[in-house]
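S.K.: I'd like to ask you about the structure that follows.
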Amino acid sequence: MTSSNSFNSNTAAIDGPLIDTHAHLDDRRLADGLSSVLDRARDAGVVAVVAVGVSHESSVRTVELSDQNAMIFAAIGIHPNHIAEAELGDWDRVVELARERRPKTVAIGETGLDRYWKNTPFADQEAAFDRHLDLARELDLPVIIHCRDCMKDIVDRLAARAKPIRGILHSFTGNWEEARTLLDFGLHISFAGQATFANKNLDSLRDAAILIPLDRLLVETDSPYLSPHPFRGRSNEPARVAVTAARIAELRGMKPVDFCHATTSNARELFRLDSFMKF
Ligand code: NI
């Protein structure tokens, strides 16, 4: 699938510790070779991965993966683009699963809003987003928020809610103004491979990555999507969180090791992983 040699040569400068806060490990592209995927992640300094569900079925699988692997934690929810295809009762089953309060189920999501894909009517996405936010608050779990082409909708929706909101705007592609609003709400902000792309229109994202306070920053892969440069266009995997971390550390003028320790400690605190981690 990927060449581990070329990968290692590109990430030799990083030895972690890193937490990939967003990976779709139940996706066939990762699940089929999961033990090698996790080996490569460990080699790259990754100490934990949050496996994020996108449907009821996928959430069940992420919970199973978290039961089977010490380094995997689960987030459960129904992705905005999967709401329309969900079966009657799927949301109730997600709620039931969340209320089991399994110790390695550490977040609610992936939820959010998406105006790019047209899979789900927007009003249905909004209703589902509200339900996820309510559930996260009820269980005092962080919420993982997806936002594509609708930052204003997200901000408006969150503005109406009680603060602080514990959670993450994941795979952030906005600018510093938008980041500041989300930070004011109480959210953390997580960066994926886009931070490494050369595109001019991502310069404002890079400015945000420099200005966001270090204690509110997270990194992720969103694998199997969004492979960082120079792997862009190929199937992504948790090991490559190191590439994104190295790039943002460079942008901020930080030693990669300091950046890794800081973002990993943010993730440990937000997801309350301390009892699982021995360092
Ligand atoms: Ni995702």
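The values are calculated or read from the model by the stated rules, or taken from the named source; none is laboratory data. What you see is a predicted model, and the numbers here were worked out from it, not measured in a lab. Neighbour counts run over all protein chains shown; Cβ positions are idealised from the backbone, glycine included.
S.K.: As an exercise: evaluate residue 59 against (1) touching a residue at least 40 places away in the same chain (Cβ under 8 Å); (2) crowded, with 20+ Cβ neighbours inside 10 Å; (3) part of a helix (DSSP H, G or I) and give the number of the one condition it does not meet.
M.R.: In the conditions (1) touching a residue at least 40 places away in the same chain (Cβ under 8 Å); (2) crowded, with 20+ Cβ neighbours inside 10 Å; (3) part of a helix (DSSP H, G or I), residue 59 misses (1) alone.
S.K.: Another question, then. Here are 13, 70, 31: which of them is modelled with pLDDT under 95, out of contact with any strand residue (DSSP E or B) (no Cβ under 8 Å at 6 or more places or on another chain) and more than 23 Å from residue 187 (Cβ to Cβ)?
M.R.: On the way: 70 fails: modelled with pLDDT under 95; 31 fails: modelled with pLDDT under 95.
Of 13, 70, 31, the one residue that is modelled with pLDDT under 95, out of contact with any strand residue (DSSP E or B) (no Cβ under 8 Å at 6 or more places or on another chain) and more than 23 Å from residue 187 (Cβ to Cβ) is 13.
S.K.: Take the conditions surrounded by fewer than 17 Cβ atoms within 10 Å (Cβ to Cβ) and acidic (Asp, Glu) and apply them to residue 100. Does it pass? Show your work before the answer.
M.R.: Numbers: surrounded by fewer than 17 Cβ atoms within 10 Å (Cβ to Cβ): yes; acidic (Asp, Glu): yes.
Considered against the rule, which asks whether it is surrounded by fewer than 17 Cβ atoms within 10 Å (Cβ to Cβ) and acidic (Asp, Glu), residue 100 comes out as yes.
S.K.: Turning to a different aspect of this structure: More than 14 Å from the chain's Cα centre (by Cα) and either closer than 19 Å to residue 54 by Cα or aromatic (Phe, Trp, Tyr) (or both), is that true of residue 160?
M.R.: no
Residues checked against (1) surrounded by 22 or more Cβ atoms within 10 Å (Cβ to Cβ); (2) touching a helix residue (DSSP H, G or I) at 6+ places or on another chain (Cβ under 7 Å):
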| position | (1), (2) |
| --- | --- |
| 153 | no, no |
| 157 | no, yes |
| 160 | no, no |
| 170 | yes, no |
| 178 | no, yes |
| 182 | yes, no |
| 188 | yes, yes |
| 192 | yes, yes |
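S.K.: Output the number of residues of region 68-86 satisfying the condition of being closer than 22 Å to residue 45 by Cβ, aliphatic (A, V, I, L, M) and crowded, with 20+ Cβ neighbours inside 10 Å.
M.R.: Total satisfying the criteria: 3.
S.K.: If you scan region 220-244, which residues turn out to be more than 16 Å from the ligand (Cβ to nearest atom) and in contact (Cβ under 8 Å) with a residue 24 or more places away in the chain?
M.R.: The answer is 229, 230, 231, 232, 234, 239, 242, 243.
S.K.: Could you say whether any residue in region 46-67 is under 13 Å from residue 237 (Cβ atoms), more than 16 Å from the ligand (Cβ to nearest atom) and at pLDDT 95 or above? Quick ask: steps written out before the conclusion?
M.R.: Step one: filter region 46-67 for residues under 13 Å from residue 237 (Cβ atoms), giving 46, 49, 51.
Next cut, more than 16 Å from the ligand (Cβ to nearest atom) only: 46.
Within this subset, residues satisfying the condition of being at pLDDT 95 or above are 46.
Checked region 46-67: at least one residue is under 13 Å from residue 237 (Cβ atoms), more than 16 Å from the ligand (Cβ to nearest atom) and at pLDDT 95 or above.
S.K.: Output the helices (runs of 4 or more DSSP H) that fall wholly within region 85-186 and possess 2 or more residues being in contact (Cβ under 8 Å) with a residue 40 or more places away in the chain, or say none.
M.R.: It comes to 90-99, 122-139, 151-159.
S.K.: Just to be sure I understand, how many residues within region 69-84 are without any contact (Cβ under 8 Å) to a residue 60 or more places away in the chain and within 16 Å of the ligand (Cβ to nearest atom)? Spell out the reasoning first.
M.R.: If we filter region 69-84 for residues that are without any contact (Cβ under 8 Å) to a residue 60 or more places away in the chain, which is where we start, we get 69, 71-72, 74, 76, 78, 81-84.
Still in the list and also within 16 Å of the ligand (Cβ to nearest atom): 72, 74, 76, 78, 81-83.
Going through region 69-84 one residue at a time, the tally reaches 7.
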